[in-house]
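Comments concern the structure below.
The values are calculated or read from the model by the stated rules, or taken from the named source; none is laboratory data. These figures come from a predicted structure and were not determined experimentally. Cβ coordinates were reconstructed from backbone atoms using ideal geometry, including for glycine residues, and neighbour counts include every protein chain displayed. For accessibility, only protein heavy atoms count, side chains too; no ligands or nucleic acids. Shrake-Rupley method; radii C 1.70, N 1.55, O 1.52, S 1.80 Å.
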Amino acid sequence: MKRLPILAATTAILVLAAPLAAQDNGGSATDTEQFQVIGTVPALCSVGIPDNSGGVFDMGVLVDTTTGLLRTDLAAPDKLLAGAFCSARSTIVIGATPMQALNFAGTPPAGFSSAVDYTATARGWTVTPATFNTAASTNPGATQVRASAFTGDIAVGVSNFVTAGGASLRPVADDEYLGEITVTLSAAE
């Protein structure tokens, strides 16, 4: 019976010594686990903030008051869209409508027109500016693609004013001729 306590004591010592032996045989007192930090960034675009002009090209009096014909010197400074960005490949599209006499009703009499055409341009986003001519039946240059993410300013301009129907026509009298330019940035698919 004396063997049983000695055997039990020996077994207990071996059981307690096993973890110590494992540490001595290349075990470690530290362990490491790695964690990944993930997220997404969606394709985002912002056309920017218009300069202080309120986005208005005020062309003033459109005609030469001596001849009644459209002025040939119509010009306006570009409007700036500051801080435009797209976080991915993008497309810029410019569109425009002719300047229409808002208060004139009906068909203009012979020798007159109630509309003025022009070219709208968006520069700075792509190497080739996006352009839209309101007199043209198609405007393939109105859409331009940028191959990578970008941030910068877009300059929007107007030029090449012509009386709709021909240069020999006179615009009808009206307190307000109004056209509209739209610039759109979108992430390209």
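Where does the chain land at 222 nm, in deg cm²/dmol rounded to the nearest 500, when only DSSP H runs of n ≥ 4 count, each adding -39500 (n - 2.57), divided by all residues?
-4000 deg cm²/dmol
Please list, in order along segment 86-103, the HN-Hα scalar couplings obtained from phi with the Karplus expression 6.51 cos²θ - 1.76 cosθ + 1.60 (θ = phi - 60°), rounded to whole Hz, x for Gly and Pro.
9, 8, 8, 3, 9, 10, 10, 10, 10, x, 7, 10, x, 6, 10, 5, 6, 9
For segment 14-171, what is the convex hull volume of the alpha-carbon atoms per residue, in Å³?
216
With angles folded into 0 to 90 degrees, how steeply does helix 3-24 sit against the dominant principal axis of the chain? Use alpha carbons for both and round to 10.
Once rounded, one gets 30 degrees.
So what is the accessible area of the chain per residue, in Å², with the probe set to 1.4 Å?
66
Relative contact order (percent) for the chain, with alpha-carbon contacts under 8 angstrom and 6 or more residues of separation?
Computed over the chain, the figure is 28 percent.
What Kirkwood radius, in Å to one decimal, follows from the Cα pairs of segment 44-131?
16.0
Which of the listed residues, Thr32, Gly166, Gly95, is farthest toward the dipole's positive end in the chain, when Lys, Arg count +1 and Asp, Glu count -1 at the beta-carbon?
Ranked along the dipole, the leading option is Thr32.
Just to check I understand the Karplus step: with θ = phi - 60° and J = 6.51 cos²θ - 1.76 cosθ + 1.60, what whole-Hz values come out for segment 61-70, glycine and proline as x?
Listing the rounded values in order: 6, 7, 10, 6, 5, 8, 9, x, 7, 4 Hz.
Need one number: % antiparallel among DSSP beta bridges in the chain, to the nearest 5.
Roughly 95 percent of the beta bridges in the chain run antiparallel, per DSSP.
Calculated FRET efficiency, Glu176 and Ala147, Cβ-Cβ r, R0 45 Å, to nearest 0.05?
Working from the Cβ atoms, E equals 0.65.
List, in order, the whole-Hz ³J(HN,Hα) value for each residue of segment 116-125 obtained from phi through the Karplus relation with A = 6.51, B = -1.76, C = 1.60 and θ = phi - 60°; use x for Gly and Pro.
Karplus values, whole Hz, x for Gly and Pro: 10, 8, 7, 10, 9, 9, 10, 10, x, 8.
Quick check: at a probe of 1.4 Å, how many percent of the accessible area of the chain sits on carbon and sulfur atoms? Display every interim value, and only then the final one.
On the way: 7290 of 12480 Å².
Its accessible area is 58 percent carbon and sulfur atoms.
Relative to the Cα centre, what is the charge dipole magnitude of the chain, using +1 at the beta carbon of each Lys and Arg, -1 at the beta carbon of each Asp and Glu, and rounding to the nearest 20 debye? Write out the running numbers ahead of the final one.
Details: 8 positive and 15 negative charges, 192 e Å.
For the chain, the charge dipole is close to 920 debye.
Give me Rg over Rh for segment 87-189, both radii from the alpha carbons and Rh done the Kirkwood way, two decimal places.
1.10
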